[in-house]
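What follows is one structure encoded as structure tokens, with my remarks underneath.
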Amino acid sequence: MHILGLVLILLLGAAIFGPQLWVRHVLQRHGADRPDFPGTGSELAEHLIAEHGLDGVKVQTTEKGDHYDPQTRTVCLSRETHAGKSLTAVAVAAHEVGHALQHARNEKGLKLRQSLVGVAAAIDTVASAFFIAAPVLTVIVRSPLALLAMAGIGIALLAVRVLVHLVTLPVEFDASFGKALPILRAGNYLQESDLSDARGVLRAAALTYVAAALTSLLDLARWIRLLRW
């Protein structure tokens, strides 16, 4: 019975942390600079912005990870992506420009995600305060009903995060395979031999949010267990 429990824990850990490790592995595997690449990730991003007439969109470095900010119309690239001449840098930069294209075309998926991100940000602020206060309240109240109520609130707050991630997935895959990959192929920015690896990098870029969703589900599972207890 103990062995079965251990196996289940290992399987759960693999399901939750496996995607995170895989994403990191793929991005690092193709993260070495390539002397045959003519420009950096930021230079490619700036070129694609001009090529597609995305007036007003700018590129800058960030410490918060590669992303596109529709509020400021900025393609935000990590230092590695911004200055790198690697396959990862090129593919990730194209992926983020893909989001800028979604924004310029007023695509519904990105609009819905931004609406949910705003709601989730406000809820995360409430959640942070709640998670800090919940253990203290549990000790003070010592009531099963109060514990159930707090667990229910925790589950609801975490469920919003999961919903945001689920809505994000189609948007991310479109940025990778509906926008970035066709652009890289049609513009001959990569050799044919690199396109297969680029697909892997673009898939990893899109699945970054799957890993985040799984992490949220882990927290959700903890609250559900608490609720059952």
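Can you tell me which residue among 92, 75, 57, 97 is buried (at least 21 other Cβ atoms within 10 Å of the Cβ) and over 18 Å from residue 184 (Cα atoms)?
Numbers: 92 fails: over 18 Å from residue 184 (Cα atoms); 75 fails: over 18 Å from residue 184 (Cα atoms); 97 fails: over 18 Å from residue 184 (Cα atoms).
Answer to the selection: 57.
May I ask you to list pairs of residues, at least six apart or on different chains, whose Cβ atoms are under 9 Å apart, with the first in region 40-61 being touching a residue at least 40 places away in the same chain (Cβ under 8 Å) and within 14 Å of residue 99 (Cα to Cα) and the second being surrounded by fewer than 18 Cβ atoms within 10 Å (Cβ to Cβ) and among the acidic types (Asp, Glu)?
Within 9 Å, the pairs are 49/55.
Does at least one position in region 79-88 carry a residue that is farther than 20 Å from residue 209 by Cα, of a type outside the set (A, V, I, L, M), in contact with a Lys or Arg (Cβ under 7 Å, 6 or more places away or on another chain) and in contact (Cβ under 8 Å) with a residue 24 or more places away in the chain?
There is at least one residue in region 79-88 that is farther than 20 Å from residue 209 by Cα, of a type outside the set (A, V, I, L, M), in contact with a Lys or Arg (Cβ under 7 Å, 6 or more places away or on another chain) and in contact (Cβ under 8 Å) with a residue 24 or more places away in the chain.
Quick test of your reading of the structure: residue 120 fulfils all but one of (1) touching a Cys at 6+ places or on another chain (Cβ under 8 Å); (2) more than 27 Å from residue 197 (Cα to Cα). Name the failing condition by number.
Failing condition for residue 120: (1).
Table: residues versus (1) aromatic (Phe, Trp, Tyr); (2) at pLDDT 75 or above; (3) surrounded by fewer than 17 Cβ atoms within 10 Å (Cβ to Cβ).
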residue: 145; (1), (2), (3): no, no, yes
residue: 155; (1), (2), (3): no, no, no
residue: 166; (1), (2), (3): no, yes, yes
residue: 180; (1), (2), (3): no, yes, no
residue: 185; (1), (2), (3): no, yes, yes
residue: 198; (1), (2), (3): no, yes, no
residue: 206; (1), (2), (3): no, yes, no
residue: 210; (1), (2), (3): no, no, no
residue: 220; (1), (2), (3): no, no, no
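So residue 62 clears everything in (1) touching a Leu at 6+ places or on another chain (Cβ under 8 Å); (2) on the phi > 0 side of the Ramachandran plot except one condition, right? Which one?
(2)
The values are calculated or read from the model by the stated rules, or taken from the named source; none is laboratory data. As the structure is a computational prediction, the values presented were derived from the model and not from experiment. Please note: Cβ atoms are built from the backbone with ideal geometry, for glycine as well, and neighbour counts cover all protein chains shown.
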